[in-house]
Amino acid sequence: MRGGSGEAAADAGAPAGGLGTEGSLSPEAAAEAAKLLPFLAPGVRADLQEAAAGHVLALTGSGPGRTLLAGQAALLRALVELAAAPAPAPARDAARALVNLAADPSLHESLLAAAPGLPARLLGRALDPQWPWAEEAAAVLANLSREPAPCASLMEALTAAEPGEAGLERLVRALCTPDYNARAPLHYLGPVLSNLSQRPAARAFLLDRDRCVVQRLLPLTQYPDSTVRRGGVVGTLRNCCFEHRHHKWLLGPEVDILPFLLLPLAGPEDFSEEEMERLPVDLQYLPPDKQREPDADIRKMLIEAIMLLTATAPGRQQVRDQGAYLILRELHSWEPESDVRGTCEKLIQVLIGDEPERGMENLLEVQVPEAVERQLQELDRQEQEQCLREQQERELSPEPQAEGAAPT
């Protein structure tokens, strides 16, 4: 599987059937797809199910193939049943086909209409520590939950989980427990939690001080084995930082979130003794081989989370007092991505700039006039276009030629 920005996709072979004009599937391909339905049904020989699921997976590798499948509700229902079926049924290819279908937001309505219980069904499989294809189930949920309606359905499924343990608690436990499932890494539970954390009810759970959920997530900001899991956790923490009423707790000793947000942004810089004393202990005297977070999107989310923590005057002061400016200053000098560098500049300006006038101390509650908001949006648009131009120039510029080397 491969994933970026919370989106998962499963490798698929060439689409079954032939392409018609303008990339659409031919009528023959549609007829062939319809013939697959009986072979996906429960009770059919496993080898026949496997062959049929492989054909469906191949179809999901193209836009026209996915559109064709979206119009066949009975086939989608059979695919969902097979994806959740116990061994010896070949559930893996069926689950991977659902990953690709769910990656297309325009197909979510068709998927949920054909199988309204899909989020709850896959949630049970994703959190089953014995299910071998739990990662595929989590990847489908990660793709579905990027959109509001499926995300709401997933939240309902979590709320309706069996009594004794909250559904969200099970999800967090699975995400934070090493080898929760010995046959599935469950990295995609990270984006699932990040998507859910856009909903107020999920943030209320995550920020419940008696549950210690945030504290369990913090070490995963440096999880080395998966960008997907790391990015999902950082996205979750950033979304929690929108709740400014919890900033004092998040920045205080019970959670101490700031060092966990700054450490991935820190490099091997050698600060002066005076500067070093201003930093949290975990950021002092870092080794010379210390690497920054390699993923630009995650670096940007980390900066955005810190920016949210500076929304109030006490938050700004606490972030300043912990030496965040020193880490951000060095990051800005190193940062190769212009959009991340721009986000870093904005945070630095908040930290070194003058305090807002009285009555405007909480930056999340400031009412911006519509005309000013339009101007800011236009400036953001121009900044994004400039970043895109710079990126394109870098991609198009020739590689530097070594001195004395002959051109090839």
Per its Cα gyration tensor (rounded if a/c is under 1.5, else prolate when a/b beats b/c, else oblate), the stretch 139-203 is best filed as oblate
The ³J(HN,Hα) series, computed from each phi in the stretch 267-278 with the Karplus coefficients 6.51, -1.76 and 1.60 at θ = phi - 60°, rounded to the nearest Hz and given as x for glycine or proline, is x, x, 4, 9, 7, 5, 4, 5, 5, 4, 5, 7
Any lysines whose Cα falls less than 20 Å from that of K35, other than same-chain ones fewer than 8 residues away, would be none
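Kindly rank 197-206, 94-103 from highest to lowest mean number of other beta carbons found within 10 Å of each residue. Could you put the intermediate results ahead of the total?
Working: 197-206: 17.4, 94-103: 27.6.
Highest mean packing first, the order is 94-103, 197-206.
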With a ≥ b ≥ c from the Cα gyration tensor eigenvalues, square-rooted, and the rule rounded for a/c under 1.5, otherwise prolate when a/b > b/c and oblate otherwise, the stretch 192-265 is oblate
Dividing the surface of the Cα convex hull of the stretch 243-359 by four yields a projected area in nm² of 7.6 nm²
Taking the alpha-carbon centre of each part, the distance from the stretch 190-206 to the stretch 34-67 in Å is 34 Å
Spelling it out for A9: with amide H atoms placed in the peptide plane at 1.01 Å from N, the residues 5 or more places away or on another chain with amide H under 5 Å from its amide H are R2
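Highest first, please rank the peptides 320-327, 110-117, 258-265 by the mean number of other Cβ atoms sitting within 10 Å of their residues. Could the numbers behind the result be given before it?
Details: 320-327: 19.4, 110-117: 17.4, 258-265: 22.1.
Highest-to-lowest ranking by the protection proxy: 258-265, 320-327, 110-117.
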Heavy-atom accessible area per residue of the stretch 243-359, all protein chains kept, 1.4 Å probe, expressed in Å², is 49 Å²
So, with points 7 Å from each Cα along the Cβ direction, the E275-A182 label distance in nm works out to 5.0 nm
Protection proxy (average C-beta count within 10 Å per residue), highest first, orders 308-314, 83-89, 57-63 as 57-63, 308-314, 83-89
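The values are calculated or read from the model by the stated rules, or taken from the named source; none is laboratory data. Predicted, not measured: the structure shown is a model, and the values here were computed from it. Quick reminder, even Gly has a Cβ in these numbers, built from the backbone with ideal geometry, and neighbours come from all protein chains shown. Accessible surface areas use protein heavy atoms only, side chains included; no ligands, DNA or RNA. Shrake-Rupley method; radii C 1.70, N 1.55, O 1.52, S 1.80 Å.
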